[in-house]
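The values are calculated or read from the model by the stated rules, or taken from the named source; none is laboratory data. Note that the structure is a prediction, hence the values are computed from the model and not measured. Methodologically, a virtual Cβ is constructed for each residue, glycine included, from the backbone with ideal geometry; neighbour enumeration extends over all protein chains shown.
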Amino acid sequence: MTARTDEQDAMVEMVRDFAANALAPHTAEWDENKHFPVDVLAEAGTLGMGGIYVGEEHGGSGLSRSDAVLIFEELAAVDPTIAAYISIHNMVAWMIDAFGNSEQRAAWLPGITAMTELTSYCLSEPGVGSDAAALTMRAVRDGDDYILNGTKQFISGAGTSAWYLVMVRTADLGSRGITAVVVPAGTPGLSFGANEKKMGWRAQPTRQVVFEDVRIPVSNRLGEEGDGFGIAMKGLNGGRVNIGACSLGGGRAALEKSIAYLKERQAFGGPLIDKQHLLFEIAQMDTELEVSRTMLMRAAEALDTGAPDTVKLCAMAKLVATDAGFRVANQALQLHGGYGYLSEYGLEKLVRDLRVHQILEGSNEIMRLIVGRLAVERQ
Amino acid sequence: MKIAVLIKQVPDTAEERTLVPATGWLDRAAADSLVDEINERALETALQVKDADKSTEVVVLAMGPEEAAKAIRKALSMGADSGIHVLDGGLAGADARRTAAVLAAALRGVNADVVLAGNESTDGRGGVVPAMVAEHLGLPLVGGLNSVELGGGTVCGERSSDTGSLNVSAPLPAVVTVTERSAEARFPNFKGILTAKRKPVTTLSLAELELPATPARAVVLAHSERPPREAGRKITDDGTAGTQLAGFLIENRLV
């Protein structure tokens, strides 16, 4: 892995400035009031964050996955919730760029990359999570249309998004019977559940998306019938690296807060940082984050170069980084004592936000399943 | 329209800023260097003209050591078209007078309709360089504007004074400076960052500007650290505290 380029330094500086100005003063309030800042997301869009690794033809920034890791780390160091939503949006934007035809890309990508039109990724269902190949939502062909019926669960941005990338069943062939379609907001029969009450990620809406005889043209299908599962999994490879980078950023913020606090807090006749067991704790946290950063960069490079072990490296990086991010944030809360438990100090929000990263984009148990199966297959 | 924007690289105000004891020069290693925020506002003013009229050309000009190239690159990533970097070891420790003469010499080759600058830098805070540049070039100085309108061969804008505000204008070409109340600078976007390295930057030495390597006339003889803050005056209310407080505010022109 190579050192950062001057351009990457400039990007990190810009994202850090943006996050400090546009996010930092508001994160606590957005969390408390469950406010989804679509205006700030549109501002992020003007800076190129709506299609980070989407081609430049339709408004994307044409950057690499390694660049994306740096960008998501910086955003999440200020607000993991907003960073994670931008990560999901980028996953959808990339899937349309990678698997859409030229008409679809020209029609959908300009608004998506500008983030004036937000997106949602719809895979999970009320009864189908980790076993994605078992999804039940149906699309039935009717002339030049599909008629969609079913419900999607835990959908980020639902109700606000302009576009829903939905995995539907077009044939009873397990994972080979799944198809990806794009449903625009406002289509008759499309409705949303209540905004879920959640532990973290409160500044982005999570709702059920309900499809009742939703009719969309066949031309809204990405790729061919039966391609959906492959498209969903390819999107998730990048999604896993990005969400790992969000955990890294949140964890780094927690570590930095802890170091500052231990240096300042006096107890037993000196600053707490003089206690060697606390210093060792800082060392452990820092090491776990650096291991995560290394794994994420390696996975990002694999995505960029199309390496044969991409799936494994993305799963490993997601597992390592999201476990590390949560552990570091939780430990940082402990190091802050009672103050860590107060919202004002920002630690408890990091813990709440980072907890879900161990569950979504494929739970960490599924990451172990992927890694384990690949390891066994190799022998 | 062609707009030249003066850019100065200064130490980050969020960090410790110190002088080198022996020379009285800025200790560049002590803090990260960045484009002075007030210059970014001047650049923003220029870029807004360019947003409205794509034929506008924005040139940024900086005088400084090697590292100032980074400041020029930042300005290019925000949207400026090209840069000029006056780089010469003989300029280390240049005073305001010398700096203005060098900048003016560099500007003579630019033929800009407008020279935009910040009203004063956050490090030196002399606030005299733009006026001196205007004098060298024989141009009017329209200084300290809170808002700037450029077009139709004139510059106009609003300037604050102690007692009110003035609407001022001048025919172009002119030197214009902006205050912290002018438009907040944009962030560079990713595309701007990637294209910045492909934009032209001309490096000029004193010889190329046909200027002699004369030493600065103003030098720092001595300097001392800012004394630690002392506790303020406490007023105990004996019935006249209100009057005393009002007196303090009036005396220090705080109201």
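With the requirement that a residue be among the small types (G, A, S) and more than 30 Å from B:L221 (Cβ to Cβ), what does region B:26-59 give you?
Across region B:26-59, the qualifying residues are B:A42, B:A46, B:A52, B:S55.
Of everything in region A:139-178, what is in contact (Cβ under 8 Å) with a residue 60 or more places away in the chain, under 13 Å from A:V209 (Cα atoms) and part of a loop (DSSP other than H, G, I, E, B)? Give them in sequence order.
A:G157, A:T160
Pick from A:T294, A:T322: which is under 21 Å from the mean Cα position of the chain (by Cα), buried (at least 19 other Cβ atoms within 10 Å of the Cβ) and polar (S, T, N, Q)? Full working, then the answer.
Numbers: A:T294 fails: buried (at least 19 other Cβ atoms within 10 Å of the Cβ).
So the residue among A:T294, A:T322 that is under 21 Å from the mean Cα position of the chain (by Cα), buried (at least 19 other Cβ atoms within 10 Å of the Cβ) and polar (S, T, N, Q) is A:T322.
Here is a list: A:V128, A:V78, A:V38. Which entry is crowded, with 21+ Cβ neighbours inside 10 Å and out of contact with any Cys (no Cβ under 6 Å at 6 or more places or on another chain)? It would help to see each step written out before you state the result.
Numbers: A:V128 fails: crowded, with 21+ Cβ neighbours inside 10 Å; A:V38 fails: crowded, with 21+ Cβ neighbours inside 10 Å.
Answer to the selection: A:V78.
Could you please give the count of residues in region A:101-138 that are of a type in the set (D, E, K, R), farther than 30 Å from A:V40 by Cα and in contact (Cβ under 8 Å) with a residue 40 or more places away in the chain? I'd like the intermediate steps shown before the answer.
Here is the first cut: in region A:101-138, the residues of a type in the set (D, E, K, R) are A:103, A:105, A:117, A:125, A:131, A:138.
Filter once more, keeping what is farther than 30 Å from A:V40 by Cα: A:131, A:138.
From what's left, in contact (Cβ under 8 Å) with a residue 40 or more places away in the chain: none.
Counting residues in region A:101-138 that are of a type in the set (D, E, K, R), farther than 30 Å from A:V40 by Cα and in contact (Cβ under 8 Å) with a residue 40 or more places away in the chain gives 0.
Contact list please: Cβ distance under 6 Å, first residue in region B:207-222 and over 17 Å from B:G126 (Cα atoms), second residue of a type outside the set (A, V, I, L, M), pairs at least six apart or on different chains.
B:A213/B:G90
Could you name every one of the helices (runs of 4 or more DSSP H) located completely within region A:300-379 that has at least 3 residues being over 25 Å from A:S87 (Cα atoms) and out of contact with any strand residue (DSSP E or B) (no Cβ under 7 Å at 6 or more places or on another chain)?
On the way: elements: A:310-335, A:347-355, A:364-378.
Where helices (runs of 4 or more DSSP H) fall fully within region A:300-379 and carry at least 3 residues being over 25 Å from A:S87 (Cα atoms) and out of contact with any strand residue (DSSP E or B) (no Cβ under 7 Å at 6 or more places or on another chain), they are A:310-335, A:364-378.
Checking the structure you have, find out if any residue of region B:189-196 is basic (K, R) and surrounded by fewer than 16 Cβ atoms within 10 Å (Cβ to Cβ).
Taking region B:189-196 first, the residues basic (K, R) are B:191.
Subset that is surrounded by fewer than 16 Cβ atoms within 10 Å (Cβ to Cβ): none.
No, region B:189-196 contains no residue that is basic (K, R) and surrounded by fewer than 16 Cβ atoms within 10 Å (Cβ to Cβ).
Being outside any strand (DSSP E or B), surrounded by 10 or more Cβ atoms within 10 Å (Cβ to Cβ), of a type in the set (D, E, K, R) and more than 14 Å from chain A (Cβ to nearest Cβ) narrows it down to one of B:R181, B:R233, B:R226, so name that one.
Values: B:R233 fails: surrounded by 10 or more Cβ atoms within 10 Å (Cβ to Cβ); B:R226 fails: surrounded by 10 or more Cβ atoms within 10 Å (Cβ to Cβ).
When all the criteria are applied, what remains is B:R181.
Please verify whether A:F99 is aromatic (F, W, Y), at positive phi, modelled with pLDDT of 95 or more and surrounded by 15 or more Cβ atoms within 10 Å (Cβ to Cβ), treating the condition exactly as stated.
Values: aromatic (F, W, Y): yes; at positive phi: no; modelled with pLDDT of 95 or more: yes; surrounded by 15 or more Cβ atoms within 10 Å (Cβ to Cβ): yes.
No; evaluated as a whole, the condition is false for this residue.
Looking at region A:6-49, what helices (runs of 4 or more DSSP H) fall wholly within it and have at least 1 residues that are within 8 Å of chain B (Cβ to nearest Cβ)?
Details: elements: A:6-18, A:27-33, A:38-46.
Because the criterion is at least 1 residues that are within 8 Å of chain B (Cβ to nearest Cβ), the helices (runs of 4 or more DSSP H) in region A:6-49 that meet it are A:6-18, A:38-46.
Quick check on region B:20-58: of everything there that is hydrophobic (A, V, I, L, M, F, W, C) and surrounded by fewer than 16 Cβ atoms within 10 Å (Cβ to Cβ), which residue is modelled with the highest pLDDT? Can you show your working first?
As a first pass, look at region B:20-58 and keep what is hydrophobic (A, V, I, L, M, F, W, C): B:20, B:22, B:25-26, B:29-31, B:34-35, B:38, B:42-43, B:46-47, B:49, B:52, B:58.
In the following step, the residues that additionally are surrounded by fewer than 16 Cβ atoms within 10 Å (Cβ to Cβ) were identified as B:20, B:22, B:25, B:29-30, B:52.
Working: B:V20: 83, B:A22: 80, B:W25: 80, B:A29: 79, B:A30: 78, B:A52: 95.
Looking at residues that are hydrophobic (A, V, I, L, M, F, W, C) and surrounded by fewer than 16 Cβ atoms within 10 Å (Cβ to Cβ), I get B:A52.
Take B:A170 and decide whether it is over 19 Å from the mean Cα position of the chain (by Cα), surrounded by fewer than 16 Cβ atoms within 10 Å (Cβ to Cβ) and under 28 Å from B:R98 (Cα atoms).
Details: over 19 Å from the mean Cα position of the chain (by Cα): yes; surrounded by fewer than 16 Cβ atoms within 10 Å (Cβ to Cβ): no; under 28 Å from B:R98 (Cα atoms): yes.
Judged against the criteria, B:A170 is not a match.
Mind checking whether some residue in region A:59-67 is surrounded by 24 or more Cβ atoms within 10 Å (Cβ to Cβ), within 14 Å of chain B (Cβ to nearest Cβ), part of a loop (DSSP other than H, G, I, E, B) and in contact with a His (Cβ under 7 Å, 6 or more places away or on another chain)?
no
If you check A:Q208, A:Q204, which single one turns out to be of a type outside the set (K, R), in contact with a strand residue (DSSP E or B) (Cβ under 9 Å, 6 or more places away or on another chain), in the same structural domain as A:M167 (by TED's automatic domain parsing) and buried (at least 23 other Cβ atoms within 10 Å of the Cβ)?
On the way: A:Q208 fails: buried (at least 23 other Cβ atoms within 10 Å of the Cβ).
Result: A:Q204 is the single residue among A:Q208, A:Q204 that is of a type outside the set (K, R), in contact with a strand residue (DSSP E or B) (Cβ under 9 Å, 6 or more places away or on another chain), in the same structural domain as A:M167 (by TED's automatic domain parsing) and buried (at least 23 other Cβ atoms within 10 Å of the Cβ).
Using the structure shown, decide if A:T113 is crowded, with 17+ Cβ neighbours inside 10 Å, within 14 Å of chain B (Cβ to nearest Cβ), among the polar types (S, T, N, Q) and within 20 Å of A:N220 (Cβ to Cβ).
It is true that A:T113 is crowded, with 17+ Cβ neighbours inside 10 Å, within 14 Å of chain B (Cβ to nearest Cβ), among the polar types (S, T, N, Q) and within 20 Å of A:N220 (Cβ to Cβ).
Is it the case that region B:187-194 has a residue that's aromatic (F, W, Y) and more than 14 Å from chain A (Cβ to nearest Cβ)? It would help to see each step written out before you state the result.
Going residue by residue through region B:187-194, those that are aromatic (F, W, Y) are B:187, B:190.
With more than 14 Å from chain A (Cβ to nearest Cβ) added as a condition, the list becomes none.
Scanning region B:187-194 turns up no residue that is aromatic (F, W, Y) and more than 14 Å from chain A (Cβ to nearest Cβ).
Scan region B:197-208 for residues that are within 14 Å of another protein chain (Cβ to nearest Cβ) and surrounded by 16 or more Cβ atoms within 10 Å (Cβ to Cβ) and jot them down. Write out each step before concluding.
Taking region B:197-208 first, the residues within 14 Å of another protein chain (Cβ to nearest Cβ) are B:197-199, B:201.
B:K199, B:V201 - these are the residues of region B:197-208 that are within 14 Å of another protein chain (Cβ to nearest Cβ) and surrounded by 16 or more Cβ atoms within 10 Å (Cβ to Cβ).
Need the failing condition index for A:I71 against (1) within 12 Å of another protein chain (Cβ to nearest Cβ); (2) part of a helix (DSSP H, G or I); (3) without any contact (Cβ under 8 Å) to a residue 24 or more places away in the chain, just the number.
A:I71 satisfies all of (1) within 12 Å of another protein chain (Cβ to nearest Cβ); (2) part of a helix (DSSP H, G or I); (3) without any contact (Cβ under 8 Å) to a residue 24 or more places away in the chain except (3).
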